[in-house]
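The values are calculated or read from the model by the stated rules, or taken from the named source; none is laboratory data. Everything numeric in this text was worked out from a predicted model, so none of it was measured. Because the Cβ atoms are built from the backbone with ideal geometry, glycine has one as well, and the counts that use them run over all protein chains shown. All accessible areas refer to the heavy atoms of the entire protein, side chains included, with ligands and DNA or RNA removed. Shrake-Rupley method; radii C 1.70, N 1.55, O 1.52, S 1.80 Å.
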Amino acid sequence: MPGFERFGEEEKKEVNDVLETGILMRYGFDGPRKGIWKAKELEAAIAGKLSVKHVQLVSSGTAALSTAMAALGIGAGDEVIMPCFTFVASFEAMLFSGATPVLVDIDDTLTLDPKAVEAAITPRTKAVMPVHMCGGMADLDALQAICKKHGLLLLEDACQAIGASYKGKYLGTIGDAGTFSFDFVKTVTCAEGGAIMTNNTDVYTKCDGFSDHGHDHLGVDRGADLHPFIGYNFRISELHAAVGLAQWRKLDEFLAIQRATKKTFSEAIAGIPGISFRRFPDPAGDSATFLEIFLPSLEAAQKTAAAMKAAGLPAFHYYDNNWHYLRNWHHLKTAATLSPLPPALKASLEAYQSKTFPQSDALIGRCVCMPINLSWTPGDINTKAAALRKAIESSL
Ligand SMILES: *Cc1c(COP(=O)(O)O)cnc(C)c1O
């Protein structure tokens, strides 16, 4: 990751197909578009590759989550259990739907701790939303069992896990619905874009309408469409879909590069006493976009991240980061919305000012994540692997 590192002639060709016709919109204009339907083609390509019945492209991963929640009927008064380690978009989409995010601990998979999920269930719980962070997977067997036992929906935020799988099934296709992001720094990019995957035709039909003003797409032309429900505009453009189509065809190549690179780095540091790696419920399914290392202490992790940066290696220490971990989500904890929230929802957010997450703090505090770049040459990788080993050893 990210896919933009491999932007080339293939992407330009697909975009040019669209520019030739001048039909930049994904719907309608059947004659002038001369058979060019990039969004439809990308949806079919994703569905084929992932063996999922339906794919709906939208304008972003955040829009994909909002659309999926609407289509699943998640809204006001509903609680959705999600991890306290994710990108801010996960709770943004939930607040947009009117639902209440219930943040719980992660475990050493860096995703939802099934025990914490079970403990957070109330009569108002409607869904569980695992976030497959950094290209790896949540324990989906355990989460599916919990959802089944309590009659809950399972919505997978797979925005960071394109191409990753769990026991032979692609992430994002296992729950009632799943989402991808194709923003500029994701494994596959459209510049901006997202997708909802589902095997449920009713959920898909709702996603299709919701992301295009509620139009039912059944009229003889767009003006004749009816509106069985109210929607929004979360459409993707043909230009974005065209970029994504070329990128999607490179996914297996991206995954192979990432997996080989990650293996070299992992082997270079495996013997260092005191360190350990993230646990993957299905190691073969890791998309290998990141290498996640647990150091023995918060201080050792802070030192390692600083030493890595000094050596020219990319490093994330999420404990001190403002985007991905509850500790620094002050805007969420103060319910800093521009317009008023329903009072109960506002109070539920402000409650996070006094809630503590010692289990997650201990894990995130000790974890350093190194993104795996697609553009590194074999020479770079060997030099960087040696530098990583040195950075860790100097911090212990
Ligand atoms: C990137 C991301 C999103 C949102 O995607 P955008 O396309 O940037 O809106 C949602 N969830 C997670 C975990 C992400 O990493």
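Numbers at a glance
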{"read-out": "Over 29 Å between alpha carbons, listed pairs LYS148/LYS169; LYS149/LYS250; LYS38/LYS169; LYS49/LYS390; LYS148/LYS186; LYS115/LYS390", "value": "LYS149/LYS250; LYS49/LYS390; LYS148/LYS186; LYS115/LYS390"}
{"read-out": "Cβ-defined net charge surrounding GLU299, 13 Å radius [Lys, Arg +1; Asp, Glu -1]", "value": "+1"}
{"read-out": "SER297 - accessible surface, heavy atoms, 1.4 Å probe, Å² rounded to 10", "value": "40 Å²"}
{"read-out": "Most fluctuating residue given options GLU43, GLU299, GLU156, as computed from a GNM of the chain linking Cα atoms under 10 Å", "value": "GLU299"}
{"read-out": "Highest-MSF residue in the chain out of GLY175, GLY223, GLY244 [GNM, Cα springs under 10 Å]", "value": "GLY223"}
{"read-out": "Debye equation applied to the C-alpha atoms of the chain, log10 I(q)/I(0) at 0.08 Å⁻¹", "value": "-0.43"}
{"read-out": "Within-15-Å neighbourhood charge of LYS169 [Cβ basis; K, R +1; D, E -1]", "value": "-3"}
{"read-out": "Ranked by how many other beta carbons lie within 10 Å on average, peptides 47-60, 374-387, 318-331 from highest", "value": "47-60, 318-331, 374-387"}
{"read-out": "Mean Cα-pair separation over length for the chain, i.e. relative contact order, pairs under 8 Å, 6 or more apart, %", "value": "20 percent"}
{"read-out": "Calculated FRET efficiency for the pair HIS213/THR21, C-beta based, R₀ 30 Å, to 0.05", "value": "0.80"}
{"read-out": "Radius of gyration, Dmax [segment 1-99; alpha carbons; angstrom]", "value": "17.4, 49"}
